[in-house]
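Here the structure is laid out as structure tokens; the discussion comes afterwards.
The values are calculated or read from the model by the stated rules, or taken from the named source; none is laboratory data. These figures come from a predicted structure and were not determined experimentally. All Cβ positions, glycine included, derive from the backbone under ideal geometry; neighbour counts span all protein chains shown. Calculation scope for accessible area: heavy atoms of the full protein, side chains included, ligands and nucleic acids excluded. Shrake-Rupley method; radii C 1.70, N 1.55, O 1.52, S 1.80 Å.
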Amino acid sequence: MKKHVGSSLYHLLAAAVVLPLVATAPSAARASDLTAAEQCDREAGSEFDLERNRAFPAVATEDIRIGVALSACREAYNQNGGARTQFQLARVLDRAGQKLQSARILAEAAGNGHALAMASYADLLAERGMAGTSSGDLMTARRFAQATTDGLQ
């Protein structure tokens with residue numbers, strides 16, 4: 001009886017060591033199979049973005065892993081990423097403290113029709129007191145705000 005208990009304990013310990021390794025292997029393989037855009041989605045998808053890739057959980061701004069997200073989103077952007085990628089790159093750049101680059105990329109995403117980017121860019125213009133300094137800025141802010149409102153209804 002003692003030999004059987006010892007053998008069972010050995011198998012149980014072996015399973016406890018091996019199972020976690022086996023369980024993580026497929027997810028690691030899948031992570032390496034992601035495109036740059038998917039990696040950007042995984043690292044920087046906003047919980048407020050209705051256009052977010054829902055295959056990945058949303059990432060709160062304070063939880064963005066700047067190094068990983070910046071690398072993935074820049075690569076996706078350089079591969080001609082769309083408006084969502086542009087928005088996410090702007091979000092990561094802002095989190096990294098690169099405000100001017102973030103604003104430039106955010107303007108691109110807004111110009112390409114990304115709803116949350118439009119609202120964010122209109123807010124940015126208003127915060128900086130830029131909306132209304134010229135009729136073009138005011139019209140841009142109003143257009144982005146209206147498009148966002150229309151998109152949410």
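Things to note:
- Residue within region 119-127 that is touching a Ser or Thr at 6+ places or on another chain (Cβ under 8 Å), modelled with pLDDT of 95 or more and surrounded by 19 or more Cβ atoms within 10 Å (Cβ to Cβ) present: no
- Count - residues of region 71-81 that are open to solvent by less than 60 Å² (accessible area, probe 1.4 Å) and either under 9 Å from Ala44 (Cβ atoms) or at pLDDT below 95 (or both): 3
- The lone exception for Ala31 - which of (1) in a helix (DSSP H, G or I); (2) open to solvent by less than 40 Å² (accessible area, probe 1.4 Å); (3) modelled with pLDDT of 95 or more it fails: (3)
- Scan of region 39-70 for residues that are surrounded by 18 or more Cβ atoms within 10 Å (Cβ to Cβ) and assigned to a helix (DSSP H, G or I), ordered by number: Gln39, Cys40, Asp41, Arg42, Glu43, Ala44, Ala69, Leu70
- Candidate set from region 32-55 (those that are in contact (Cβ under 8 Å) with a residue 12 or more places away in the chain and among the small types (Gly, Ala, Ser)); member that is nearest to Ala119 (Cα to Cα): Ser46
- Residue count for region 95-118, restricted to those that are open to solvent by 60 Å² or more (accessible area, probe 1.4 Å), closer than 20 Å to Ala60 by Cβ, free of Cβ contacts under 8 Å to residues at least 24 places away in the same chain and in a helix (DSSP H, G or I): 1
- Taken together, the residues in region 91-130 that are charged (D, E, K, R) and under 19 Å from Glu47 (Cα atoms) amount to 4.
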